[in-house]
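> One structure coming up, written as structure tokens, with questions to follow.
The values are calculated or read from the model by the stated rules, or taken from the named source; none is laboratory data. Please read these numbers as outputs of a predicted model, since none were measured by experiment. Reconstructed Cβ throughout: ideal geometry from the backbone, glycine too, with neighbour counts over all protein chains shown. For the accessible areas, the whole protein counts, side chains as well, though only heavy atoms, and no ligand, DNA or RNA atoms are used. Shrake-Rupley method; radii C 1.70, N 1.55, O 1.52, S 1.80 Å.
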Amino acid sequence: MGCHSAGNFTSWVDLYDTTQILEASQPDRAMIVDVGGSKGHDIEKFLQKHPEVSKDKLILQDLPEVLERFTIHPGITPYPHDFFTTQPVKGARVYYFHIVLHDWPNDTAVKILGNIRDAMEPGYSRILLHEVLVNSQAPPLTVTTLDMTMMALFSSLERSEDQWHELVESVGGLRILKIWKARQAVESIIEIERV
């Protein structure tokens, strides 16, 4: 996560149109739940771009022992949570994951996404997966190296666009709305809705 937050990859707030989050957000709900968000570096980027957003709208979730290791930005609400259990924050505008699912094989990733699906409000909530997207032709060395690393360490993989579609559809009740790509970026944002 250190290399990602250090700027070696495209920031999600520069890749995704974050005004969509603000404009559609309901006042009585969480705006963003950063699931498995470590020290909160991604949600801090959103807060830097939109400093008017109040603390109760920005939720940082990770295991208690992870959150205890860091000083969390005062504009963010830390919320200890294990994403293998039922998602307690219901009907948030966005459930955001940054390079989380590439650590997990498909059967496990389906369980994680299923927990989020059950917390989503159809037509309102979104999942944003900020993940590596493998090109089917001539993928960069960085991507193929990451793919081999995921296979060796976790029996997982970096997924192609087709593989992401297959994974999301296999959860049931979810579909990909759009994949936000930058011309030179290794990572993309996969926007998902509940149907």
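> Please verify whether ARG69 is of a type outside the set (Asp, Glu), at pLDDT 95 or above and open to solvent by 60 Å² or more (accessible area, probe 1.4 Å), treating the condition exactly as stated.
When the stated conditions are applied, ARG69 passes them.
> Filter the range 10-41 down to the residues that are in contact (Cβ under 8 Å) with a residue 40 or more places away in the chain, out of contact with any Ser or Thr (no Cβ under 7 Å at 6 or more places or on another chain) and closer than 15 Å to ALA92 by Cβ and list them by number.
Selection gives ILE21, ALA24, SER25, GLN26, ARG29, ALA30, ILE32, VAL33, ASP34, VAL35, GLY36, GLY37.
> A further question on this structure: Here's a check for you: in the range 24-66, which residue that is among the charged types (D, E, K, R) and assigned to a loop (DSSP other than H, G, I, E, B) is least open to solvent (accessible area, probe 1.4 Å)?
As a first pass, look at the range 24-66 and keep what is among the charged types (D, E, K, R): 28-29, 34, 39, 42, 44-45, 49, 52, 55-57, 62, 65.
Filter once more, so that each one left must be assigned to a loop (DSSP other than H, G, I, E, B): 28-29, 39, 52.
Working: ASP28: 128, ARG29: 60, LYS39: 81, GLU52: 126 Å².
Selected residue: ARG29.
> Based on what the data block shows, is ILE21 out of contact with any Leu (no Cβ under 8 Å at 6 or more places or on another chain), modelled with pLDDT under 95 and crowded, with 18+ Cβ neighbours inside 10 Å?
On the way: out of contact with any Leu (no Cβ under 8 Å at 6 or more places or on another chain): yes; modelled with pLDDT under 95: no; crowded, with 18+ Cβ neighbours inside 10 Å: yes.
Against the criterion (out of contact with any Leu (no Cβ under 8 Å at 6 or more places or on another chain), modelled with pLDDT under 95 and crowded, with 18+ Cβ neighbours inside 10 Å), ILE21 does not qualify.
> In the range 75-131, what count of residues is obtained for those that are open to solvent by 30 Å² or more (accessible area, probe 1.4 Å) and either hydroxyl-bearing (Ser, Thr, Tyr) or in a helix (DSSP H, G or I) (or both)?
Of the residues in that region, 11 qualify.
> Another question, then. All but one of (1) modelled with pLDDT under 95; (2) surrounded by fewer than 16 Cβ atoms within 10 Å (Cβ to Cβ); (3) of a type in the set (Ser, Thr, Tyr) hold for THR10; which doesn't?
(2)
> I'd like the full set of residues that are farther than 27 Å from GLU158 by Cβ and among the hydroxyl-bearing types (Ser, Thr, Tyr), limited to the range 64-122.
Matches in the range 64-122: THR71, THR77, TYR79, THR86.
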